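Reading through the structure tokens given below for one structure.
The values are calculated or read from the model by the stated rules, or taken from the named source; none is laboratory data. Here the structure is a predicted model, which is why all the values come from computation and not from measurement. For neighbour counting, all protein chains shown are included, and Cβ atoms are generated from backbone atoms with ideal geometry for every residue, glycine included.
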Amino acid sequence: MNRSIVGRHFELTEPIKAYANSAIDSLDKYHLDIISAATLVSGEEKNGKKGFVVEFVINLKDKNSVVISQRDKDVYGAIDVAIERVKKTLRRHADKIKNHKIMSFKDLGAEAEAVSEFGGVSDEDIEIVPMDLGLHKPIDFDEAMQALKDEKHRQFIVFNDVDGNLRVMYKRADGKFGLY
């Protein structure tokens, strides 16, 4: 993991650098691929009162970045609160990754085969109801535009474009038309 600790409008001392470094070390327990961690400690003065802003920018492998900024009158307090917020964010991200399960038909096993049977219903009891597909057929671009202009509410209409691909046209909230 690449690390950088920078002070802006503030003289960084070795104890502050070591404290920020140890705070970044505590992020390893989440077992995320952290590419880099940048710490920016800024000194600021507003209305004659001195304060500090600590900003952590954590770049993860699969996610863009986690940016946490904390303002406090004590630099150590700002680092503590900011690192706790970073930990909370990384813990949520790690839990989301850990709890994400990809299901496939192979994972379902026998249950997937049971779906193809009707479970105790004989062939005589099964009734197939025909459906009018005229309402659900794809329409061309001009028909879709006219139908959306006539419709007062937002609506999606699927149609075939010139290449024969299915596309979706919809009326946006601002009254313009969108196309997927």
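Values as computed for the structure displayed
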{"read-out": "Residue in the range 12-26 that is in contact (Cβ under 8 Å) with a residue 12 or more places away in the chain and in a loop (DSSP other than H, G, I, E, B) present", "value": "yes"}
{"read-out": "Residue match in the range 31-50 (condition: assigned by TED's automatic domain parsing to the domain that holds Arg92 and either aromatic (Phe, Trp, Tyr) or part of a helix (DSSP H, G or I) (or both))", "value": "no"}
{"read-out": "Any hit, the range 60-79, residues being within 22 Å of His93 (Cα to Cα) and in a helix (DSSP H, G or I)", "value": "yes"}
{"read-out": "Residue selected from the range 1-16 under the condition of a type outside the set (Ser, Thr, Tyr) and more than 32 Å from the chain's Cα centre (by Cα), by the criterion surrounded by the most Cβ atoms within 10 Å (Cβ to Cβ)", "value": "Ile16"}
{"read-out": "Test: residue in the range 76-88 that is within 20 Å of the chain's Cα centre (by Cα), surrounded by fewer than 16 Cβ atoms within 10 Å (Cβ to Cβ) and at pLDDT 85 or above", "value": "yes"}
{"read-out": "Unmet requirement for Ala94, which otherwise passes all of (1) touching a residue at least 60 places away in the same chain (Cβ under 8 Å); (2) small (Gly, Ala, Ser); (3) part of a strand (DSSP E or B)", "value": "(3)"}
